[in-house]
Amino acid sequence: MIATVLPEAPKLDAIAGIVNMSRLYGDLRLMAMPSAGRRAIKHVTKISGREAMGRWLRVAAAAVAMLAAGGIASAQSPFPSKPVHIFVPYAAGGGVDILARTLGDVVSRQWGQGVVVENRPGAGGMVASQALAMSPPDGYTLIVVASGHATNPFLYPKLPYDTFKDFTPISLLASSPNILLVRADSPFKTVGDVIAEARAKPGSLSFAHAGNGTSTHLAGELLKNLAKIDLNAIPYKGGAPAINDLLGGQIPMSFNNGPESVGQLQAGAVRALAVTTASRASFLPDVPSMAETVPGYDTEVWWGLLGPAGMPRDLVEKLSHDFVAALNTDTVKQRLTKLGASPIGSSPQQFDAKIHADYEKWGPIIKAAGMKAE
């Protein structure tokens, strides 16, 4: 391709607003003209300069407006514009993990963005909670906590975060009764059998739970307190490892929530002695409630969605709306019902109130029992 070089065109001076040319050439042109002509040219040049400057200012203003509009559009880009990470404070396969993955799959399709579920077990949920508290409040890092989140302050002498100030409640997602499980071949057929054995041989029986301060731990402590028996509480990093040891014969019984128990119950590998709510559960109608043997017994597990402190209100409302919408889909409702969980889907304010209520309810019980994290 041949490039054609054209004579250089006169250039507009952005400051003076006139055409640049050789000073000598311009002076000679003016000197060669009659005085009337020179006055006319000067007058036209003055007007042209003002017009050129006006055009330049209008172009500059338009450029600034375009840049500003581009910045605003960028700042207001739809959320989420990249994958959202959800921490799970317990091992894979447990109730929290199942709920997080079930909801994550639905909201991922709603958003058109990936949802990454990260299992970070340890210290009754404290490991994952600390990681969340240190995350930016942009909505891209969240956590599904269990009801033990409200009781950890009574179990750990020094938490690396503040249970209330370092988190943003988004929604109370669901709840479920806990279940007292034994192996299918266990000699214990009822809660009464367990109580009788514990009274005959104090300290001889142990129960597994998902971690210190979790709802399953509190379920066992409540049984000890109300039935006046001595049981050894053995903590695990989640409900799934606890069930594994129950199946392996390393532990005689275990408290677990509905979602992590249903599969093993349906397979006939374990037997449910009781549910921990005051009345029987609809998904296990033939299993008695603990209160039928131990009057006054009533406890459950709940799960909720939190973000880091300092999240913008409109972002919190969007996340709450989207996760509640996911809970109300037939897919999620049917799955949770089959797993023994009841969808809730609260507002951020209602979830915040629930955390405070459980903190006030269980604090005195934990202190009276002398429960501490190991």
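Structure values in brief
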quantity	calculated
Within segment 177-300, percent of DSSP bridges classed antiparallel, to nearest 5	60 percent
Net +/- balance of residues flanking Ala357 in space, Cβ distance below 15 Å, scoring K and R +1, D and E -1	-3
Packing-based ranking, highest mean first, of 274-280, 330-336 given that Cβ atoms within 10 Å are counted	274-280, 330-336
Pairs beyond 27 Å (Cα-Cα), from Lys158/Lys354; Lys224/Lys361; Lys201/Lys372; Lys165/Lys318; Lys158/Lys201; Lys318/Lys367	Lys158/Lys201; Lys318/Lys367
His149, His85 arranged by Cβ crowding within 10 Å, fewest neighbours leading	His85, His149
Protection proxy ranking of 361-372, 95-106, 125-136 - average other beta-carbon atoms within 10 Å, highest first	95-106, 125-136, 361-372
Added length on full extension, which subtracts the Cα-Cα distance from 0.36 nm per residue, Trp111 to Ala353	84.3 nm
Segment 177-300, relative contact order [Cα under 8 Å, separation at least 6], %	36 percent
Among 229-238, 243-252, the order from most to least packed when residues are scored by Cβ within 10 Å on average	229-238, 243-252
Magnitude of the charge dipole, segment 168-302, Cβ model with Lys/Arg +1 and Asp/Glu -1, debye to 20	160 debye
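Just so you know, all these numbers are worked out from the coordinates, no wet-lab data involved. Nothing here was measured: the structure is a model prediction, and the numbers come from that model. FYI the Cβ positions are ideal-geometry reconstructions off the backbone, even for glycines, and counts take in every protein chain you see.
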